[in-house]
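One structure is given here, and the rest of the page talks about it.
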Amino acid sequence: MSISLRSGVKGLAEAFAVLPGPSGLLRRLARRAPLILAYHNVVPDDAPPAGDRSLHLSRSAFAAQLDVLADRCTVLPLADLKASEPGAKPRVAITFDDAYRGAVTTAVAELVRRKLPATIFVAPQYVGDGAFWWDELTPPGAAAPAVPRTLALGGLQGDDRSIRAWAAKQGVPVTPPPSHLRVATEAELAAAVAKPGITLGSHTWSHPYLPSLSYEEVSRELTQSWSWLRDRFPDHLVPWISYPYGGVSEDVEEVAAATGYRAGLCITGGRVSPRSWNAPHALPRYNVPAGISVRGFRARVGGGAE
């Protein structure tokens, strides 16, 4: 091997030696593009299993995840995400769908303790101790509802009454969920937004699967929900919509924009890249599964695996 060739090989080896490994590449990507986390509920550690298990995270697990975020990430208010610039730590925004009592009380207490902001998306029809079909139609001992998702969202349009009627005909029992699996009251929402950093957004009026509805029905769902929130919490709102079941289409995006929402959130997807803002009414989120480990969560948010 010639001296020049040896020098070239050595130079390549040195160059590859300083390239980041897979975890380093993930951290570099995390610093460039923020991540919106989607939660649903947080329940007491001693609460017996109930409802759709995938949605209900234990308090201790949630607290451990917040500790990771507080230590390794920059947690931003949702409304500030677009204007934020990359920094030394990954940027994250925290959101909750459905306004479960456990989220509005237990989760908010953990957030306030760490001075972390979050946005809770509300479907006003259920405010005041309401319960969702997927929790009441999950039989005791089961992990998920006894209604096929494709049927619930497709043929039954995600409509609570229609789904319950179908389940009744099939003999699916109704299991009333405990208090922390029910939707918060208006007073509980007011107490939550009185805390620093807590804001509310729209989750439609009645939580239907929007792509299955007409243009007029979608408009009514989005307008009615926003009017209810604006009349009660005008100083604590972000003009964003979180689509029930993550259901969105071009027509739904169009209605959201026409109704005055500045952005819309799906329930799946990756990080919010600069290109994502070209379609702000269909932004991705990471749905945090109830069973994720702290190590897995840390790696997912870009804080490293250790």
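The values are calculated or read from the model by the stated rules, or taken from the named source; none is laboratory data. A quick note: this is a predicted structure, and the numbers were derived from the prediction, not measured. With ideal geometry, Cβ positions are generated from the backbone for all residues, glycine too; neighbour counts draw on all protein chains shown. Note: accessible area is taken over every heavy atom of the protein model, side chains too, but ligands, DNA and RNA are not part of it. Shrake-Rupley method; radii C 1.70, N 1.55, O 1.52, S 1.80 Å.
Below is a table of values for the structure above.
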| quantity | calculated |
| --- | --- |
| The stretch 150-271: translational diffusion in µm²/s, Stokes-Einstein, Kirkwood Rh over Cα pairs, 20 °C, 1.002 mPa s | 134 |
| Amide H within-cut-off set for L116, under 5 Å, with H built and near neighbours excluded | none |
| Volume of the Cα convex hull of the stretch 67-118, divided per residue and given in Å³ | 76 |
| E85-S60 FRET efficiency (beta carbon distance; Förster radius 41 Å; 0.05 resolution) | 0.75 |
| Three principal axis lengths of the stretch 30-71 [C-alpha, angstrom, descending] | 40, 20, 9 |
| Solvent-accessible area of Y209 with every protein chain in place, 1.4 Å probe, in Å² to the nearest 10 | 60 |
| Listed residues E253, E85, E217, E110 arranged by accessible area, highest first, probe 1.4 Å | E85, E217, E253, E110 |
| Volume per residue that the Cα convex hull of the chain spans, once the total is divided by residue count, Å³ | 164 |
| The stretch 233-290-the stretch 86-162 distance, computed between alpha-carbon centres (Å) | 15 |
| Rounded accessible area of T259 (nearest 10 Å², 1.4 Å probe) | 50 |
| Reciprocal mean inverse distance between Cα atoms of the stretch 112-176 - Kirkwood radius, Å | 13.5 |
| Amide H contacts under 5 Å for S58, placed H, 5+ residues apart | V43 |
| Net charge of Cβ neighbours under 14 Å - reference A194; Lys, Arg +1; Asp, Glu -1 | -1 |
| Measure of compaction for the stretch 51-183 (Cα Rg per 2.2 N^0.38 Å) | 1.25 |
| Estimated 222 nm signal from helices in the chain, with DSSP H stretches of n ≥ 4 weighted -39500 (n - 2.57), rounded to 500 | -10000 deg cm²/dmol |
| Dipole magnitude of the stretch 127-207, debye to nearest 20 (Cβ charges: Lys/Arg +1, Asp/Glu -1, about Cα centre) | 200 |
| Dipole magnitude of the chain, debye to nearest 20 (Cβ charges: Lys/Arg +1, Asp/Glu -1, about Cα centre) | 1440 |
| FRET efficiency estimate (nearest 0.05) - Cβ-Cβ, T175 to T105, R0 22 angstrom | 0.50 |
| Nearest-10 value in Å² for the accessible area of R59, using the 1.4 Å probe | 70 |
| Of all accessible heavy-atom area on the chain, the percent that carbon and sulfur account for (1.4 Å) | 55 |
| Kirkwood hydrodynamic radius of the stretch 141-185, from inverse mean 1/r over distinct Cα pairs, in Å | 11.8 |
| Cβ charges +1 (Lys, Arg) and -1 (Asp, Glu), total dipole of the stretch 198-272, debye | 320 |
| Sequence of D251, D160 from largest to smallest accessible area, 1.4 Å probe | D251, D160 |
| Angle between the chain longest axis and helix 250-259 axis [Cα atoms, degrees, rounded to 10] | 70 |
| Reference-scaled alpha-carbon Rg (2.2 N^0.38 Å with N residues) for the stretch 210-290 | 1.11 |
